[in-house]
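Here is the structure we will look at, set down as C-alpha cells.
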Amino acid sequence: MNINLTWEDPATGQIEDRTVALPITLGRTSDNAISLISSEVSRQHARLEETGEGQVRVTDLNSTNGILVNQEETQSAVLRSGDLLTVGPFNITVIIDPVFEQEAIPPGAVVVRWEHTPDGRTEDVILRPPFTIGRATEVDLRLVSDEVSRLHARVLREDDTLVIVDEGSSNGTFVNGVQVPRAAVGPDDEIQLGQFRLTITPYEAGFDFSAPVSVRTTSTVHIDIAELRELLAEEDEDEITAPVPVSGFPPPAFEQEVVDPAALAGYPSDETVFLTIGGGLGSFVFVDYLTIYGARTEDIVSIGFDELPYGRYRRLCLNSQIPLHERLRSDSGSTPDNIWGFPSYAVREMWGDVTSGRFGHALGLVWNMFGEPTLVATYTPISGKVFDSLDREANRIGWSDMHRMGKVRAIRRTTDGRYVVAYSTTDPANREKRVIFAQYVHVAVGYPALRFLPDLQAYREETGDFERVVNAYEEHDHIYEDLAKNGGTVLIRGRGIVASRILQRIYETRARNPNINVLHLMRSRNTQGQRYGLSHRPVEHHWEFQPFNWPKAAWGGDLRVRLERAGDEQRAELLNDWGGTTTADRPDWRRIVDGGVKEGWYLIHFGTVERVEPGANGRLNTVVRGRSAIGEVLTLTADYIIDSTGLVSAIDESPLLRDLVEHHRLDRNALGRLKVSNDFELTGMRSGSGRMYASGVATLGGPYAAVDSFLGLQYAAYRIVDDLARAKAPNVRRLAGLRSLGQWFKWVRGVKP
Amino acid sequence: MTPTLMGRWQTRLLLLTVIGVPVTLFYSIVYGLLLGNWWSVWLFLFGVLIFGLGWDVLYHLLQQTRWDHDWPPFAQWAAAIWEAIFIYLVHLIFVLLGGAFVGPIAFILHYFTIFSLLFAANHSIMRILFPRWRFRGGQIL
Ligand SMILES: Cc1cc2nc3c(=O)[nH]c(=O)nc-3n(C[C@H](O)[C@H](O)[C@H](O)COP(=O)(O)OP(=O)(O)OC[C@H]3O[C@@H](n4cnc5c(N)ncnc54)[C@H](O)[C@@H]3O)c2cc1C
C-alpha cells in the first residue's frame, strides 16, 4: 500500500512530499525510509505499516520523545487520511491512498452546507451523525458567532431519519422558520442557527470529495519559468530565463571545463580584481568591507539587475506590507551600512529624537534597549531609515562607480587561474553581451524565486487568474482597495512573519470597512512550540514566536560556534532544531489575532488543501481535508487567497547557480545548497591564485545559520575579506585596532574609506 | 553581542584590566587621601575579576534556558547588581575577620563607575577596536 507524507522542513521552510510503500520506519538516521534529522527524533523513531484489515498503523519504536497523532500522545494508533503525525519538530500529514480513502468515508455520512447570511460565507462539511454544532472549539461543527451557543444543537440518526435537537441554546434552533426543540430534517429543510443557514443532505459518492487524491511526487516548491517571469516582471524579464546559449551567448567556449581566454576574443571584455555578482545587499555589504579594508574602488566591480543595492529588498518589503514607516524584523545592531554595528539604529533614532526635542520618545527607546526582549518587545528599525542609511553609505564608498546593471549568465574558471563571467548589460540604450575576467569572485544572488503552494500554482495555471490568488511578495494592493470598498473574505495561507504583516494590513483596512473576514488556513495545529535543549518557543493561537528568524545566539553566540564545529549531517540536524516558521512577538500583532478570534472576523482552520477552484460569483473555493476524527472535508469560500508561505531558497531554481554547480560538479551541503568553507569559500572553484566565495541564502546548511540577514551578510563578508587579506589580495589588509578606529571616524564624517 | 563563555572570560579580563585598573587607581588615591584606605578598592577589583570568572559559568548556563541563548541588557544589569551585593558581603566577612571597613556609598561609587564604563565600552568602543568581537561572542583572541 502506498501512502503520501507531507511536512514542512524546519530548516528551509520547504514542503517535503513523499509517496512511500508500507511498511516503513521514520527516524533520525539515513537507513530509515523517511529520515527526519533532529535531536528530538530517535534513530529509529516510529513504524508505519499496514494492518490485517488494510488500515495504516503507526507505532512508536520506544523513542525518547514519543509520537503524537493529532496532537495527542500515543504508543500506537490507526491513522486516517489527513491525520497529523508529529515526530519531534516535524508535523507530518498522512494521506492514505485514494482507494482506501474512499472507504474511510463513514457510511451514513452527510454533507452539511452552511451559509453565514450577512456575508455569504459558505462551507461544505462532511460529518457522520451523531454530531454536535456550536461555537465552542470542542464541537464537531463550529459556527462562530455571538448568536450561536457554545453547544447549540445536536444531529442524530433515528432509524432512517435525521433529527436535530436543540441543546438549550440561548437563541434557539429553527427549521423552516419555526423554532423547534427537536425536529426531523430532510434534504429540503432549512435549518437556522443565529445567522447561519444549514442544509443537510446524505453524502453521495460522486460528491467532489471522492475525486482521487492526486499522488504528488515532485518537490512542490517548483515555480515554472513562465510564471516566475510574470511575477518578477517588474525586475527584468530576462532575470529568470535559463542561461541557454542564445546566438552564441554565453560564449561556446563556456562549454569547456576550463575556459581559455583566447577563445573569447571578439566578445567585448574587461577585467577586474574583485567581482561581486548580484548587486543586492549581500554584494553591498561585501564591497563595504572590502573598501574599508583598503581595496581600491577601481579594482571592484558589481553586476546586478537593480540600480540600488536594496532595490529588490525594498520591493519585497513593500509588497509584503512593510511600508517605509513600518519596522523591520531586525536587530538594532544589524546595520548593513556600518560594519561595526555602532552606532546601532536604536542609538541613531534616539539621537534624532533628542536633537529634535522628542525627549519622551527617546526615553522610551532607552527603556526599550534596556528591557528587550523580556520586559518589552524587541527594538527594530524603521525600514525607510535603513534605506536612507544605505544611500549614505553607498555614496560614501562610491557604489555607483563600481556597480553595473546587468544579468549574469554563467561563471567559469579560466586556464590562466582566474574566472570569467558572461553577462548581458540591461541598460536599454546599450544592450550588450559581455565577458569580464576577475581574480576573486563573490556571488550573492538572493532568493531565486517566490514560493507558490502547489494547489495555488495549479489554480493559477488553469484559470489564468492572477488577481484573486496572489503571493504575498507580489504587488497586490488591489486586494486591499477592493476590500475597503466592498468588504469580503480573505484566505491566508502560511503563518510566518509575512502572514502577520498581511493580517495587520487587513486589520487596518477593516477600520474603513468592517465587513472583512479572514480565514486562516494552517497545515496543522500548533500548541507547543519547538523545543531545543532546555528552552522552547512560546505559542499563542497556533502562531509561534521568536524575535528573529533564528535563535539570537546563532549570529554570534554559542550556537554560532556549535554550528561551525558540527559536521555536515549534524548541521542539518541543528538547523531543523532551531528552524521552523515563526513570527515576531509584537504586542500589536498579538492583539489583532486575539481580537479577531474573539470578535469572530478571524477564523483559523486546519487541514491539507486538496485543490482550489472557482466558486460561485467569482469567489474561490478551497477544498480542505480536515483532520477531525471523522475525516471531514471543508470547503472554504473566499474572495481572495494570499499565499504567505515565503520565498524559495533551493539553488536549483536559480539558473545561474544550477549551471555553476552542474558545470563544475560542485559539492552541495546537507541541505542541497552551495557547500562553502567556514570562510564562505566555494573550495571546489579554486582557480590558480583566484578564489570564489558565496553568501546569502544559497549557503544555508553550511557553517552559519543566519546567512539571510543583514548581520549574517556582514558575518560572511568579514570572513571572506579576512580570508582575502590572508591570501594577500591587492591592498586588502586585516582591519583592527587603531586602523579600525580611524575607519570608523571616516564613517562618522562621511568621507571615503 | 551574545556572549559565549570564552568570550565572557576574555572580555571580563580585558576590560577589568584596561578600564578597571585606572578607575581603581583613581579611587584608591581619592579614598586613600580622604579616608586613609588605599587598598580596599584593589581587593574589590580583584574579587570581581576572580569570582566573576565563576559567575560567568553560571550565566552561561542560564543562557541555555533561553530560546535565544542570549544575554540582554537587563540581565547584564541584574548580574552586575548581584555581583555587587556578593562582593560587598564577602567584604563584610573580611571586616569581621579584622579587615578595613568600606562604607556602602564609597563601594557603590567605585563599583558602578567601573560597571557603567564597562557597559558603555561593550556597546561601543569594543565593537570599533575589535570589529570581529561581536561575531565571536566577545572573544578577542
Ligand atoms: C521581505 C523581507 C524582509 C526582510 N527583512 C529583514 C530584516 O529586517 N533584517 C534582516 O537582517 N534581514 C531581513 N531579510 C533577509 C535579508 O537580509 C534580505 O533577504 C537581503 O536582501 C538578502 O541579501 P542578498 O544579497 O542575499 O539578496 P538580495 O538583496 O535580494 O540581492 C540579490 C540580487 O541579485 C540579483 N540577481 C539574482 N540573479 C542574478 C543574476 N543572474 N545576475 C545579476 N543579478 C542577479 C537580484 O536581482 C538581487 O538584486 C528580509 C528578507 C525579506 C524577503
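Worth pointing out:
- Residue selected from segment A:322-336 under the condition more than 9 Å from the ligand (Cβ to nearest atom) and surrounded by fewer than 23 Cβ atoms within 10 Å (Cβ to Cβ), by the criterion nearest to the other protein chains (Cβ to nearest Cβ): A:332
- Hey, residue A:532 more than 24 Å from residue A:116 (Cα to Cα), in contact with a helix residue (DSSP H, G or I) (Cβ under 7 Å, 6 or more places away or on another chain) and crowded, with 17+ Cβ neighbours inside 10 Å or not: yes
- The listed residues are A:443, A:470, A:435, A:490, and the only one of them that is in contact with a helix residue (DSSP H, G or I) (Cβ under 8 Å, 6 or more places away or on another chain), within 19 Å of residue A:637 (Cβ to Cβ) and within 16 Å of the ligand (Cβ to nearest atom) turns out to be A:470.
- Segment A:641-654: number of residues that are surrounded by fewer than 23 Cβ atoms within 10 Å (Cβ to Cβ) and either at pLDDT 90 or above or farther than 23 Å from residue A:490 by Cα (or both): 2
- Residues being at pLDDT 95 or above, away from the ligand (no atom under 11 Å from the Cβ) and assigned to a helix (DSSP H, G or I) - total across segment A:679-714: 1
- The number of residues in segment B:58-70 being more than 8 Å from every other protein chain (Cβ to nearest Cβ) and in contact with a helix residue (DSSP H, G or I) (Cβ under 7 Å, 6 or more places away or on another chain) comes to 1.
- Restricting segment B:107-141 to residues that are facing another protein chain (nearest Cβ under 9 Å) and β-branched (Val, Ile, Thr), the residue that is nearest to residue A:335 (Cα to Cα) is B:128.
- Enumeration of residues in segment A:1-16 that are in a strand (DSSP E or B) and over 19 Å from residue A:449 (Cα atoms): A:2, A:3, A:4, A:5, A:6, A:7
- Helices (runs of 4 or more DSSP H) within segment B:40-137 that include 3 or more residues touching a residue at least 24 places away in the same chain (Cβ under 8 Å): B:40-63, B:73-96, B:104-122
One line per residue, one yes/no per condition, for (1) within 28 Å of the chain's Cα centre (by Cα); (2) surrounded by 17 or more Cβ atoms within 10 Å (Cβ to Cβ); (3) not small (Gly, Ala, Ser):
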residue: A:366; (1), (2), (3): no, no, yes
residue: A:370; (1), (2), (3): no, no, yes
residue: A:377; (1), (2), (3): yes, yes, no
residue: A:429; (1), (2), (3): no, no, no
residue: A:434; (1), (2), (3): no, yes, yes
residue: A:437; (1), (2), (3): no, yes, yes
residue: A:443; (1), (2), (3): yes, yes, yes
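- Of all residues in segment A:537-558 being in contact with a strand residue (DSSP E or B) (Cβ under 9 Å, 6 or more places away or on another chain) and at the interface with chain B (Cβ under 7 Å from one of its Cβ atoms), the one that is farthest from residue A:709 (Cα to Cα): A:537
- Scanning segment A:337-360 for residues that are of a type in the set (S, T, N, Q) and either crowded, with 21+ Cβ neighbours inside 10 Å or near the ligand (Cβ under 9 Å from one of its atoms) (or both) gives A:338, A:344.
- Enumerated strands (runs of 3 or more DSSP E) restricted to segment A:566-677, each holding at least 2 residues that are within 16 Å of the ligand (Cβ to nearest atom) and away from chain B (no Cβ under 14 Å): A:640-643
The values are calculated or read from the model by the stated rules, or taken from the named source; none is laboratory data. These figures come from a predicted structure and were not determined experimentally. All Cβ positions, even for glycine, are placed from backbone atoms using ideal geometry, and neighbour counts span all protein chains on display.
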